[in-house]
Amino acid sequence: MNDKCLLNIVNDSAFVKLTRRQSDISVSQRFTAARRRASLTITMTTRTPVRLTWLPLIAGLLPLATYHLCFVISASVGHLPWCNPYIDSCTSISATGRQVPEMLVFKGLIIPAAIIIAAFWVIATHWLQQFGAQWDNQTTHWMGRLGTTAALFLVIYTVALGIEHDAYRTLRRVGALLSFTLTYLAQLLLTLQLRKMQRAFPSQLPAWPIPVLSGICAVLIATGVVSLLLDGFYPGYDQIEDAFEWGFALLLNVYFVAFYFVWRALGVRIGVRIQSLELHPCANTEVDQTRT
C-alpha cells in the first residue's frame, strides 16, 4: 500500500515544499529510501526591495556624531578641556572614548557604525558590478576588500580603546592607522570607478557628486602627505597632530555623505532571493527493525 504526503506552506516571503514518498517495505528500508529521495527546497524572495540610499549617509554621519557627542560628554564631566579640536589640537579622537561614561557611548555606537560601513562596501561592490563596471572587476573587488578590512580594523581599534595594556595600545594604534588608510584607498578606487562609469553612462549618473568626491580624495592625500612631512621635519608636530587626525576623520566621513547623493539620484534598492537550498535528512538511518 502506498501513500503520499504533500505539504505546502506559503507566506509573503518564503515558499517551502516538502515531498516524501513512503513504500510498504520494512522500517529500515523506508528510512533508507527517505534519506535518498526526500529533500527540503526553500525559496525566499523579497516582494519589495529595500531602499539603500540611507546606507552611506548613516555610514558617514554616525561616526562623526559619535566623536563629537563623546567629546561633549567627556568635557562635561571634566575628562577633557573645552576647546576646538580642529583648531586647538587639544585632544585626540581616542581620548574622547577612553573613560566611563563616554567610553560606553563610543563603543556602543562606533561598532554598529563599523558594521554599517562594511555593509556599504559589500553592497557598493555588487552595485558597481551590476551597474556596468564589469570591464574592471579587479579594481571593484579590491575596493570591497579594502573597505571591509578597514571596517574590521575600526572594530579592533574600538574594542582596544580604554584598556591600559601594551598589547591593546598597539592594537589601538595599528587599528586606527589601518582603518584610516584602507578606508581612503577604498574611497579612491570607488571614485575612479565612478569616473569611468560617468564617461560610459553620462545620462545615468548625477554630475556634481563625482567632482566633489574627487576633490575630497585629493584633499585627503594632500593632508596625509603634509602630515608625514611635518612629522619627519617639524619638531613641534606633536602639538598639532591631533588637529590633523580630526580633519582626516572629518573628510573620510564627509565622503560617505557626498556619495549618498549618488545613490539617492539613482534610487538604489536591494532585493534578496535564495533559491534551491537543499536540506537532506540526518545521515543516521539505522533503525531497530524490531519496532513497528
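The values are calculated or read from the model by the stated rules, or taken from the named source; none is laboratory data. Everything quoted here is computed from the prediction, not taken from an experiment. Here Cβ is always computed from backbone atoms with ideal geometry, including for glycine, and neighbour counts include all displayed protein chains.
Listing for the model above:
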| read-out | value |
| --- | --- |
| Every pair of residues 6+ apart whose Cβ atoms lie under 6 Å, when the first sits in the stretch 148-171 and is under 21 Å from PRO112 (Cα atoms) while the second is outside any helix (DSSP H, G or I) | GLY162/ARG98 |
| The stretch 204-243, residues that are surrounded by 12 or more Cβ atoms within 10 Å (Cβ to Cβ), of a type in the set (A, V, I, L, M, F, W, C) and in a loop (DSSP other than H, G, I, E, B) | LEU205, ILE240 |
| TYR184 of a type in the set (Phe, Trp, Tyr) and without any contact (Cβ under 8 Å) to a residue 24 or more places away in the chain | no |
| Those residues of the stretch 163-192 which are part of a helix (DSSP H, G or I), of a type in the set (D, E, K, R) and surrounded by fewer than 20 Cβ atoms within 10 Å (Cβ to Cβ), in sequence order | ASP166, ARG169, ARG173 |
| Where a residue in the stretch 200-228 is within 19 Å of LEU128 (Cα to Cα) and β-branched (Val, Ile, Thr) and its partner, wherever it lies, is surrounded by 15 or more Cβ atoms within 10 Å (Cβ to Cβ) and modelled with pLDDT under 90, with Cβ under 6 Å and at least six apart | ILE210/GLN198 |
| Where VAL254 falls short, out of the listed (1) part of a helix (DSSP H, G or I); (2) free of Cβ contacts under 8 Å to residues at least 12 places away in the same chain | (2) |
| Residue count for the stretch 56-101, restricted to those that are over 18 Å from PHE248 (Cα atoms) and polar (S, T, N, Q) | 3 |
